[in-house]
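> Mind having a look at this structure? Questions to follow.
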Amino acid sequence: MRLISIGFLLVLIAFTFVKCQLELATSCDPEACRLPECRCSSTNIPGGLAARDTPQFVVVSFDDGINVLNIEEYRATIYNRRNKLNNCPAGVTFFINHEYTDYSLVNELYNQGFEIALHSITHRTDQAYWREASYEDLMKEFNDQKTQIAHFANIPIDRIYGIRSPFLQMAGNATFQMLAQSNLRYDLSWPTIAHTNPGLWPYTLHYASIQDCIIPPCPTASIPGPWVLPFITWTDLEGFPCNLVDTCIYSPTDEEGWFKFLLDNFERHYHNNRAPFILSMHASIFTVHISMQRAFTRFLDTINNLNDVFMVNANEVIDWVQNPVPINEYAQQSCRSSPPAVCRASSCGPLRITDDHPMEYYMRVCNRCPRHYPWLDNPLGD
Ligand SMILES: *[C@@H]1O[C@H](CO)[C@@H](O)[C@H](O)[C@H]1NC(C)=O
Ligand SMILES: [Zn+2]
């Protein structure tokens, strides 16, 4: 009898657990959903602060592999910058995919104080694959990639916080279930067009999101834990929305034009509710649009002279949202610090994904060379 009831209890617990994981989110109750763990999706400034007391965060981010060519663009534009207001190193977030990535350079970026974030192992160009990806697929693409980057770039695994899905294609609930299970803190893939002015502040998924779903499916289940950092779209020169700046269709052609374009998009945030300004690109923007590099540097110098702007890692935006304090108090806080990570680089290759795979790869790592080219199901290349 006792055994039967224990069995019954276990079944009940298991059933409740599974059911809870997929419970449909209900509309957000701000009384129940409170910082630091919970925040309703909204354009309200966290902590009820006035815009003039709110730090304007600028999150510059770059997508895709890190290699000997694009590292030069990064060295030239973003290294050794400091925020004038608190003298802390300026942040930049890199959403890195594995293929052709040079991990000794990832280590260099980490040691510059930048944030290393995930952008999948395979970055398959098949959008349906990402749309239909299961929780298990996503664990292999992102959770395994966390282990992979920590291993090959020799950086602390607990300093990896965020993801961006390839092509901004999320898989609905599965993406956020994976984040929750992988101890990842935020996603920066979800575009909004409806909430740009005023912009949507980061929020959690305990309750239903008000965000427009531009690239379905979007999560509708209640998934406590991870944060949504809304990818607030830009407006191009003809008024069309775009996310990664190099994908804007109508873009400027000269330095003055680029400078104004960057400033115009920034000001939409700055002169309204100061929702974090997301400036994302591929490094190739600097070769496709030669005048962009100068304009970008000028833009960063210009906003750094304002009295309320901080260029930070995406992860630091969540820190602030969880503990929103006015600008003067924020400027007193200590700078982020990352424990230095050594790299004794090895050049590896030719490597194949499997012994009979046609492709040969070369890679640099801060570790011993793997036997195979690391890939899905074998992220460390054993
Ligand atoms: C997410 O979960 C909710 C609640 O179980 C469900 O209604 C919805 O269809 C799911 N959506 C996706 C895309 O998985
Ligand atoms: Zn990409």
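> Carbon-plus-sulfur fraction of the accessible area of the range 38-330, 1.4 Å probe, in percent? If you can, show how the numbers build up before the last one.
Details: 4900 of 10050 Å².
About 49 percent, which is the carbon plus sulfur part of the accessible surface.
> Another question about this same structure. Can you find, among GLN56, CYS38, SER27, the residue farthest towards the positive end of the dipole of the range 23-67? Put +1 on the C-beta of Lys and Arg, -1 on that of Asp and Glu.
Final value for the positive-end residue is GLN56.
> Let me ask you something else. How much mean residue ellipticity at 222 nm does the chain get from its helices, if each DSSP H run of length 4 or more adds -39500 (n - 2.57) and you divide by all residues, to the nearest 500 deg cm²/dmol? Write out the running numbers ahead of the final one.
Working: 12 runs with 112 residues, N = 382.
Counting only the DSSP helices, I get -8500 deg cm²/dmol.
> Which ³J(HN,Hα) values in Hz, rounded to whole numbers, follow from the phi angles of the range 38-45 under the Karplus curve 6.51 cos²θ - 1.76 cosθ + 1.60, where θ = phi - 60° and Gly and Pro get x?
So the J values, rounded to whole Hz, are 10, 8, 5, 5, 6, 8, 5, 6.
> Here is a further query. What is the antiparallel percent of DSSP beta bridges lying wholly in the range 38-330, to the nearest 5?
Values: 7 of 29 bridges.
Restricted to the range 38-330, the bridges split so that about 25 percent are antiparallel.
> Among the aspartates and glutamates, which fall within straight-line cross-link reach of LYS140, defined as a Cα-Cα distance under 17 Å, with same-chain neighbours fewer than 8 residues apart omitted?
Straight-line reach from LYS140, under 17 Å: GLU99, ASP126, GLU132, ASP187, ASP377, ASP382.
> Further question on the same structure: Across the range 348-353, in residue order, what do the Karplus-derived ³J(HN,Hα) couplings come to in whole Hz, using 6.51 cos²θ - 1.76 cosθ + 1.60 with θ = phi - 60° and x for Gly and Pro?
Each residue of the range 348-353 in turn: 10, x, x, 10, 10, 5 Hz.
> Another question, if that's okay. Note down the magnitude of the dipole of the range 335-382 about its Cα centre, charges +1 on Lys and Arg C-beta and -1 on Asp and Glu C-beta and zero elsewhere, to the nearest 20 debye.
Working: 6 positive and 5 negative charges, 85 e Å.
Here the size comes out at about 400 debye.
> For the range 116-178, what log10 I(q)/I(0) values come out of the Debye formula at q = 0.22, 0.27 1/Å, with one point per alpha carbon and no solvent?
Calculated log10 I(q)/I(0) at the listed q: -0.84, -1.16.
> With a 1.4 Å probe and all protein chains kept in place, how much accessible area does GLU37 have, in Å² rounded to the nearest 10?
120 Å²
> Order 135-143, 66-74, 86-94 from most to least packed using the mean count of other Cβ atoms within 10 Å. Walk me through the intermediate numbers first.
Details: 135-143: 19.3, 66-74: 16.3, 86-94: 21.4.
Going from most to least packed, we get 86-94, 135-143, 66-74.
> Once R0 is set to 22 Å, what does the formula 1/(1 + (r/R0)^6) return for the Cβ-Cβ distance between HIS271 and PHE240, expressed as a FRET efficiency to the nearest 0.05? Let's see the in-between values first.
Working: r = 21 Å, r/R0 = 0.97.
E(calc), rounded to 0.05, equals 0.55.
> Something else: At a Förster distance of 30 Å, what's the computed FRET efficiency of ARG52 paired with PHE167, Cβ-Cβ distance as r, to 0.05?
On the way: r = 38 Å, r/R0 = 1.25.
My answer for the efficiency is 0.20.
> How far, in nm, would the chain grow between THR302 and ASP212 when pulled straight, counting 0.36 nm per residue and subtracting the alpha carbon separation?
On the way: separation 90, 0.36 × 90 = 32.40 nm, distance 3.22 nm.
Separation in residues times 0.36 nm, less the Cα-Cα distance, equals 29.2 nm.
> For a quick check: with amide H placed at 1.01 Å from N, whose amide H comes under 5 Å from SER61's, ignoring anything fewer than 5 positions away on the same chain?
So SER61 has HN proximity to THR93, LEU279, SER280, MET281.
> Leaving out ligands and nucleic acids, and using a 1.4 Å probe, what accessible area per residue does the chain come to in Å²?
Working: 16930 Å² over 382 residues.
Averaged over the residues of the chain, the accessible area is 44 Å².
> To the nearest 20 debye, what charge dipole does the chain have about its Cα centre, counting +1 at the Cβ of each Lys and Arg and -1 at the Cβ of each Asp and Glu?
Details: 27 positive and 40 negative charges, 185 e Å.
Using only the charged Cβ atoms, the result is roughly 880 debye.
> With labels modelled as points extended 7 Å from the Cα through the Cβ direction, what inter-label distance (nm, one decimal) is found for THR287 paired with ASP377?
Each label point lies 7 Å from its Cα, and together they span 3.3 nm.
> Also, quick follow-up: State the Cα centre-to-centre distance between the range 192-221 and the range 315-359 in whole Å.
Cα centroid to Cα centroid, the span is 26 Å.
> Working out 0.36 nm times the residue gap between ARG131 and ASP158, then minus their Cα-Cα distance, what length gain in nm do you get to one decimal? Could the numbers behind the result be given before it?
Numbers: separation 27, 0.36 × 27 = 9.72 nm, distance 2.76 nm.
Taking ARG131 through ASP158 to full extension adds about 7.0 nm, to one decimal.
> How would you order 109-118, 150-159, 186-195, 296-305 from highest to lowest mean count of nearby Cβ atoms within 10 Å? Let's see the in-between values first.
Details: 109-118: 23.0, 150-159: 18.7, 186-195: 21.4, 296-305: 16.9.
Those peptides, ordered most packed to least, come out 109-118, 186-195, 150-159, 296-305.
> Under the 0.36 nm per residue contour assumption, what length would be gained going from the current alpha-carbon distance of ASN44 and LYS260 to full extension? All intermediate terms of the calculation are to be shown ahead of the outcome.
Working: separation 216, 0.36 × 216 = 77.76 nm, distance 2.76 nm.
Extra length available between ASN44 and LYS260 comes to 75.0 nm.
> Also, quick follow-up: Please report, ordered by residue number, every helix of the chain (full DSSP H runs) that is 30 Å or longer along its axis going by C-alpha atoms and whose mean Kyte-Doolittle hydropathy reaches 0.5. Walk me through the numbers on the way to the answer.
Working: long enough: none.
Flagged H segments: there are none.
> Among all the aspartates and glutamates, which ones have a C-alpha under 15 Å from LYS260's C-alpha, if same-chain residues fewer than 8 places away are not counted?
Filter leaves ASP236, GLU238, ASP301.
> Each residue of the range 363-379 in turn: what ³J(HN,Hα) in whole Hz from Karplus with 6.51, -1.76, 1.60 and θ = phi - 60°, glycine and Pro shown as x?
Per residue, the Karplus-derived 3J(HN,Hα) values read 8, 10, 9, 9, 5, 6, 5, x, 7, 10, 6, x, 7, 3, 6, 8, x Hz.
> Taking +1 at the Cβ of each Lys and Arg and -1 at the Cβ of each Asp and Glu, which of TYR361, ALA295, VAL245 sits farthest along the dipole of the range 213-365 towards its positive end, judged by Cα position relative to the Cα centre?
TYR361
> TRP227's amide H: which non-local residues (gap 5+, or another chain) put their own amide H closer than 5 Å, with H modeled 1.01 Å from N in plane and none for Pro or chain starts?
Under 5 Å from the amide H of TRP227 lie the amide H atoms of TYR186, ASP187, each far enough along the sequence or on another chain.
> What are the equivalent ellipsoid semi-axes of the chain, built from the alpha-carbon gyration tensor (square roots of five times its eigenvalues), in whole angstrom, biggest first? Walk me through the numbers before you get to the answer.
Numbers: eigenvalues 206, 176, 77 Å².
Gyration-tensor ellipsoid for the chain: 32, 30, 20 Å.
> Something else about it: Can you check what the Kirkwood hydrodynamic radius comes to for the range 174-295, Cα pairs only, in Å to one decimal? Working shown, then result.
Details: mean 1/r = 0.0641 Å⁻¹.
That comes to 15.6 Å for the range 174-295.
The values are calculated or read from the model by the stated rules, or taken from the named source; none is laboratory data. These numbers come from a predicted model, not from an experiment. Here Cβ is always computed from backbone atoms with ideal geometry, including for glycine, and neighbour counts include all displayed protein chains. Keep in mind that these areas ignore ligands, DNA and RNA; they rest on the heavy atoms of the full protein, side chains included. Shrake-Rupley method; radii C 1.70, N 1.55, O 1.52, S 1.80 Å.
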